[in-house]
Amino acid sequence: MNRKITEQESRFRHLEQMSVAELLAHINEEDAGVADAVKLAIPQIEALVEAIEPRMKRGGRLFYVGAGTSGRMGVLDASELPPTFGVPDSWVVGIIAGGDCALRHAVEKAEDDAGQGWRDLMAYHPTADDTVLGIAASGTTPYVVGAVSQARKKNMLTGCITSNPDTPLAAVSDYPIETIVGPEFITGSSRMKSGTAQKMVLNMISTSLMIRLGRVRDNRMVNMQLTSTKLVDRGVRMLQELLGLDYEEAKRRLLEAGSVNDALKKTN
C-alpha cells in the first residue's frame with residue numbers, strides 16, 4: 001500500500017542545520033502552495049455549500065467533527081461565528097475527539113475509537129436536516145470516519161475535508177473536499193499545510209453560508225455581537241455611513257437596538 005501523501009517524506013532535509021532565516025523562508029515557500037490547492041477544490045466546496053444552505057434555512061445545523069489539529073480547526077471556526085454574525089452557537093457546532101479537554105491537551109487514543117464520534121454527535125439529537133462535516137488530514141481517522149459513516153446511514157448530509165485523495169473518509173461522504181497540499185515541511189506534521197488548508201476551507205464554507213443566510217449586508221457584519229469597545233465603534237460608524245447620523249445619535253440607536261441590523265430595521 002502506498003504511503004499517504006500527508007505521511008510522505010519532506011522535500012527538505014537536515015532542518016536542524018538550517019538558520020532561522022532558512023527555516024522561515026522554506027516554511028513560507030511551502031505555505032505559498034496551500035491557496036492553490038484550495039483553489040482547485042472550489043467546485044467541491046461550492047457543491048457542499050449549496051447542499052447545506054437549504055437545510056440550514058429549514059433549521060438544520062452544521063456539525064464539524066475532527067480529532068487533534070483537525071478537531072481544533074473545527075471548534076475554532078464554529079466558535080467564531082456567534083460573535084461575528086450574531087447567530088446562536090447551536091447553528092454550527094465543533095466536536096473534537098476527547099472533548100473540550102482535547103483543545104489544550106492531547107487525549108490518548110481518543111481518535112482511534114470508531115464509535116465515539118457518533119456517540120458524541122448523538123448528544124445533540126441530530127436530525128435529517130443536519131449536516132456532518134468530517135475533518136481529517138489523513139482521511140482515515142476512525143473517530144471521524146465512524147461519525148460520518150453513521151450520519152450518512154441516518155440520511156444526514158455528509159462532507160469531509162482531507163489532504164489525501166480517495167480516502168475512507170471521502171468514501172463515506174456525500175461531498176468530499178480534497179485539498180492536496182503535498183508532504184509537510186516536517187514529515188507528517190499535518191498541523192502545518194494541512195491545518196492551514198482546513199482553516200481556509202472552513203472559513204469559506206461558514207462565511208459563504210452566513211452571507212447566504214442573511215447575516216451580512218453589503219460587505220458588513222451587521223449582526224455582530226457588541227462585545228467590545230472596538231465592535232461598538234465599528235457598529236456606530238456603519239450606522240453613520242448608512243443613515244447619515246452624527247456619532248452620538250448613531251451610538252444611541254445602536255446600543256438601544258443591540259445590533260446594526262436591528263437599528264436599521266427600526267428606521268424602515
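Quick notes on this one:
- Out of Arg3, Arg13, sole residue that is at pLDDT below 95 and over 23 Å from Leu121 (Cβ atoms): Arg3
- When each of Val38, Val34, Val49 is tested for being over 25 Å from Gly188 (Cα atoms), in contact (Cβ under 8 Å) with a residue 40 or more places away in the chain and of a type in the set (Val, Ile, Thr), the lone residue that passes is Val49.
- Pairing each residue of region 97-110 that is open to solvent by less than 80 Å² (accessible area, probe 1.4 Å) and of a type outside the set (Gly, Ala, Ser) with any residue that is assigned to a loop (DSSP other than H, G, I, E, B) and modelled with pLDDT of 95 or more, provided the two are 6+ apart or on different chains, yields C-beta distances under 6 Å for Val107/Gly98.
- In region 165-214, of all residues being in a loop (DSSP other than H, G, I, E, B) and of a type in the set (Val, Ile, Thr), the one that is farthest from Glu9 (Cα to Cα) corresponds to Val172.
- Some residue of region 220-234 being out of contact with any Cys (no Cβ under 8 Å at 6 or more places or on another chain), assigned to a loop (DSSP other than H, G, I, E, B) and of a type in the set (D, E, K, R): no
- Per the conditions (1) of a type in the set (Ser, Thr, Tyr); (2) closer than 26 Å to Leu23 by Cβ; (3) in a loop (DSSP other than H, G, I, E, B), the sole criterion not satisfied by Thr140 is (2).
- The listed residues are Asp129, Asp120, and the only one of them that is part of a helix (DSSP H, G or I) and either open to solvent by 10 Å² or more (accessible area, probe 1.4 Å) or under 18 Å from Leu76 (Cβ atoms) (or both) turns out to be Asp120.
- Residues that are farther than 20 Å from Arg61 by Cβ and either among the aromatic types (Phe, Trp, Tyr) or in a helix (DSSP H, G or I) (or both), drawn from region 104-117: Ala110, Glu111, Asp112
- Subset of region 72-88 (residues that are touching a Pro at 6+ places or on another chain (Cβ under 9 Å) and under 11 Å from Asn223 (Cα atoms)): Pro82
- Here is the figure for region 51-67: residues that are open to solvent by 30 Å² or more (accessible area, probe 1.4 Å) and either of a type in the set (Gly, Ala, Ser) or within 17 Å of Ala114 (Cα to Cα) (or both) total 1.
- Scanning region 9-42 for residues that are closer than 22 Å to Pro168 by Cβ and exposed (fewer than 15 other Cβ atoms within 10 Å of the Cβ) returns a single hit, Leu40.
- Condition check for Asn203: surrounded by fewer than 16 Cβ atoms within 10 Å (Cβ to Cβ) and within 15 Å of the chain's Cα centre (by Cα): yes
- Looking across Arg191, Arg237, Arg215, one residue alone is open to solvent by less than 60 Å² (accessible area, probe 1.4 Å) and either charged (D, E, K, R) or farther than 30 Å from Glu50 by Cα (or both). It is Arg215.
The values are calculated or read from the model by the stated rules, or taken from the named source; none is laboratory data. No experiment lies behind these values; they were computed from the predicted model shown. Heads up, the Cβs are rebuilt from the backbone with ideal geometry, glycines too, and the neighbour counts pull from every protein chain shown. SASA here: full protein model, heavy atoms, side chains in, ligands and nucleic acids out. Shrake-Rupley method; radii C 1.70, N 1.55, O 1.52, S 1.80 Å.
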